[in-house]
1. Identify the residues of the range 132-147 with backbone N under 12 Å of a label point that sits 7 angstrom from the Cα of residue 156 along the Cα-to-Cβ direction, or state none.
2. Ordered by packing density, taken as the mean number of other Cβ atoms within 10 Å over each peptide's residues, highest first, how do 342-355, 118-131 rank?
3. Could you order peptides 49-56, 254-261 by the average number of other Cβ atoms within 10 Å of their residues, highest first?
4. Starting from the Cα of residue 371, step 7 Å along the direction of its Cβ; do the same at residue 451; then give the gap between the two resulting points in nm.
5. Could you work out the relative contact order of the chain? I mean the mean sequence separation of Cα pairs under 8 Å and 6+ apart, divided by the number of residues, in percent.
6. Using the beta-carbon distance between residue 438 and residue 282 and R0 = 60 Å, what value does 1/(1 + (r/R0)^6) give for FRET efficiency, to the nearest 0.05?
7. Can you tell me the length gained on complete extension of the stretch residue 215 to residue 95, counting 0.36 nm per residue apart and subtracting the Cα distance?
8. What is the helix-to-structure angle for 323-348, meaning the angle in degrees between its Cα long axis and the longest Cα principal axis of the chain, kept from 0 to 90 and rounded to the nearest 10?
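All of the numbers you see were taken from the coordinates with simple rules; none came from a lab. Values in this document were obtained by computation on a predicted structure and should not be read as measured data. Backbone-built Cβ (ideal geometry, glycine too); neighbour counts: all protein chains shown.
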């Protein structure tokens, strides 16, 4: 027999749980509860400065060989012959002002990137990708060196880029492993924030990312301090769960408290900094993500977060078809978002503390499939910030001709710089010591240090 009291309590629980499910963030309740358990902000005793890294992941596989284009007559002719209908006319390229031997330009759609580069605000790391160990074309073809698994698969290569581990099944990201090493367990506030969805890059062995959106932190409706429910009613609401015999339910209640505490702290921090008046131009959703990231970076002073890790994303780069139309628009969005973000950081007086870089699961083939390109291997990535040696092309620029020593087949370029080498320099700038860097990138000793320095 169901009594009136038991029925009322059961109905209250059922209704309350449904309300929470409806009012959680877009990541879902389970994900948000996991994120709420992220251990956070690193010890202020270790760091007396502030640094933040921002990873922008370009989902789909960016054809960066149509972002960085040779402009000297011989090299351009090779490029045009290889790329066929996808080749950008020479007169539509903006020259990059750098002292390297090869003359390069970017398409007019990336005019904002050209400006950043020419002012020394950004550089490009060429021909980078996941590798198990350094390898030549002959070694790969003769199977004397292993290639990364599932080389041309979107999901698998996203995992390799974000994990920084080309030959293990460790389900953590190199940003997350960095967070593990600088966290302080004295606080529940996380140091990793994602504006671009749940990702592997920020997943540590302990640390997790905290999901946000372009408007900030969404609240649980029933636990929102600004809700019509007062603190007393919220306390009663939580006590229902805390009184349960089931340890899972009691843990659930504690997680809800952590969510409310973290959300309140973050919203308070954000309220201390203003929205930007910088024009991000045609930066779209990526621009909105970066606007919020800029606010979060400035808010670190009130949040007491000497180290922060951010993730943003832009999709649509799987350009098998209609590439001549789609890619320029994506590159315009990316370059304008970067330019707006850089201007925003400078206006807030925090640009010297931030390094921003792109990743994408792979480059694309040099050869055209008729209307687009297919999945490749190595590609070029952008890095931006005050600390960067700006206006440089780092690494080996492969000749844009098929069947060279750099070509694994159909213009799929073999990487000459590994993710490990790239990430290790960022980790060092972030403040990690040698042994910590080797923990983040356990395969780094196979490659050694890169033959260039990203930082001044």
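1. Backbone N within reach: 147.
2. Descending mean neighbour count gives 118-131, 342-355.
3. So the peptides 49-56, 254-261, ranked by packing, come out 49-56, 254-261.
4. Placing both labels 7 Å beyond Cα along the Cβ direction yields 4.2 nm.
5. Rounded, it is 29 percent for the chain.
6. According to the calculation, E is roughly 0.90.
7. This chain segment gains 39.5 nm when fully extended.
8. Relative to the chain, helix 323-348 is tipped by roughly 60 degrees.
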